[in-house]
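> Here's a structure for you.
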Amino acid sequence: MNKLGSFLTLAVSAAGAGAGGYSAGQQDLSVSDVVQMIETTIRRPLDAGPKPTTADPTPSGPVIYYRHPDGDPAYSSTPKSTEDGRDFVAVLASEDVSFEVRPEMKAGGEAVAPSDRKILYYRNPMGLPDTSQTPKKDSMGMDYIPVLDGEADDGSIVKVSAGKLQRTGVKTALATKGAIVRPVRVPGTVMLDERRVSVVSIRTEAFLEEVAAITTGDVVEQGQPLVRFYAKEIAAAGALYAADLKSGGGRKAATGSFQRLENLAVPVEAIEEIEKTKKVPISVTLTAPRSGVVLERMAVDGMMANPGETLFRIADVSVVWVVADVPEYELSSVRVGDKAAVRIRSLPGKVFEGTVSLIYPEIQGQTRTARLRIELPNPDRLLMANMYAEVEVATGATEPVVTVPDGAVIDTGARQIVIVDKGDGRFEPRDVKIGLRGERMTEIMEGIVEGERIVVSANFLIDAESNLKAALSALTPAEAQP
């Protein structure tokens with residue numbers, strides 16, 4: 001061994017001398033400087049090698065996604081190329097982005113808390129219900145994550161890595177306040193306003209002498225002559241009224257006969273003519289009681305009309321009804337006074353605005369629908385009876401309420417859940433009580449307040465992880481918990 005040591009010493013000395021001579025030639029060093037360099041080389045311990053450098057660990061694991069070669073925020077789950085033909089870079093499992101704060105390690109391998117808080121225990125990095133009082137690794141070689149004082153989970157919060165959030169497409173939004181607008185779209189039918197239909201008839205037997213040239217469907221104006229007739233009972237009452245007037249007592253003395261003329265529905269014009277001429281007119285003319293459309297004409301020249309027999313039926317169509325059938329389950333959201341928009345297929349591009357004036361107090365047994373009545377102005381007479389209509393009733397809350405997008409609510413039938421984003425990859429499933437549902441928005445009555453950030457996309461994945469975590473926690477023995 002001594003000979004071997006001497007040989008190594010001479011070899012190192014020669015190498016040092018050669019290196020010193022070369023360095024001296026390159027740097028113009030003196031002979032004394034070269035001698036000093038050789039002595040230093042000889043005195044250096046043989047086991048002193050170059051200072052080791054820390055190399056990055058070699059990436060390992062399966063390919064989980066592909067990223068843009070220039071680092072742009074573009075990713076793909078399958079091999080892909082850029083527009084200029086370059087391939088996307090494969091990202092292995094060990095290279096996945098993680099924002100977990102790794103603790104510093106002491107010389108003995110013990111983790112050091114990044115703050116003054118005490119490390120309570122170490123949890124499984126994959127979220128499994130496995131904890132440890134000391135640092136350890138899982139079956140894949142991943143370090144267990146320390147849980148500091150104040151960070152202990154309450155069991156309901158789910159932690160998801162940033163890489164998984166990016167791959168699953170989780171999107172969030174803020175819960176806001178606003179009015180829920182929920183239009184109810186139902187079919188309807190245009191109908192006449194029952195209060196605007198009049199029947200023209202006579203209260204006694206009469207002979208129709210002349211009927212105006214008016215037919216069904218014609219438009220008449222109020223006061224327009226319709227039929228001229230002779231009635232024996234009206235003539236007798238008129239003669240008695242004329243005689244009472246001639247007696248000199250005036251209308252006061254003819255009160256009884258005047259009342260009889262009114263009971264027979266004699267037109268005011270005929271009574272005024274008797275007062276003026278003191279004579280009884282041979283025939284009486286009936287006029288239209290209102291402006292509108294003639295729905296029915298039964299009067300014929302020369303016919304004998306019986307008391308109460310319908311001669312004409314006239315309807316005022318300046319205002320019409322639209323009767324709509326609303327499903328029973330939608331009835332609770334409709335109120336009297338709600339605005340309604342009516343569209344007619346034969347009148348494209350026109351929208352008629354009206355209000356709900358009545359909800360009929362009856363449910364149709366066969367269709368399980370309720371009937372709504374909507375009043376619509378019809379000054380141009382465009383709306384006709386029995387037209388088919390498409391009705392849209394604007395229902396909903398008038399006061400602002402807490403709302404979230406429809407996609408944020410997970411409805412299992414027995415319960416409704418919203419996933420709340422707590423930040424730093426932590427999510428909390430929370431039971432809520434929902435109210436009205438509008439166009440793409442849902443009212444939250446309990447469980448969420450305005451300003452909280454909630455998950456609106458891929459929330460069912462987080463809910464599945466939460467359910468799995470709860471199930472695994474229930475299967476974990478009590479002594480396994482720290």
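The values are calculated or read from the model by the stated rules, or taken from the named source; none is laboratory data. Computed from a predicted model, the values in this text were never measured in an experiment. We place every Cβ from the backbone using ideal geometry, glycine too, and count neighbours over all the protein chains shown. To get the accessible areas, we keep the full protein, side chains included, count just its heavy atoms, and leave off ligands, DNA and RNA. Shrake-Rupley method; radii C 1.70, N 1.55, O 1.52, S 1.80 Å.
> So for the stretch 331-425, averaging the separation of alpha carbon pairs under 8 Å that are six or more residues apart and normalising by length, what relative contact order in percent results?
Working: 111 pairs, mean separation 25.2, N = 95.
Result for the stretch 331-425 is 27 percent.
> May I ask you to give the solvent-accessible area per residue for the stretch 171-225, in square angstrom, as obtained with a 1.4 angstrom probe? Could the numbers behind the result be given before it?
On the way: 3150 Å² over 55 residues.
Accessible surface, normalised per residue, equals 57 Å².
> Heavy atoms only, probe 1.4 Å: what % of the accessible area of the stretch 241-353 goes to carbon and sulfur, would you let me know?
The computed percentage sits at 52.
> Using a 1.4 Å probe, what is the accessible area per residue for the stretch 279-422, in Å²?
That works out to 51 Å² for each residue.
> Can you give me the convex hull volume of the Cα atoms of the stretch 166-280, divided per residue and expressed in Å³?
Roughly 241 Å³ of hull volume per residue.
> Let me ask something else. Would you mind pulling out the separation of the Cα centroids of the stretch 74-92 and the stretch 268-296, in Å?
Between the Cα centre of the stretch 74-92 and that of the stretch 268-296, the gap is 94 Å.
> Now for a different question. Name the residues whose placed amide hydrogens come within less than 5 Å of the amide hydrogen of residue 434, ignoring near sequence neighbours (fewer than 5 apart) on the same chain.
Hits under the 5 Å cutoff: 445.
> Which net charge results when you count Lys and Arg as +1 and Asp and Glu as -1 among the other residues whose beta-carbon is under 14 Å from that of residue 211?
Here the charged neighbours net out to -4.
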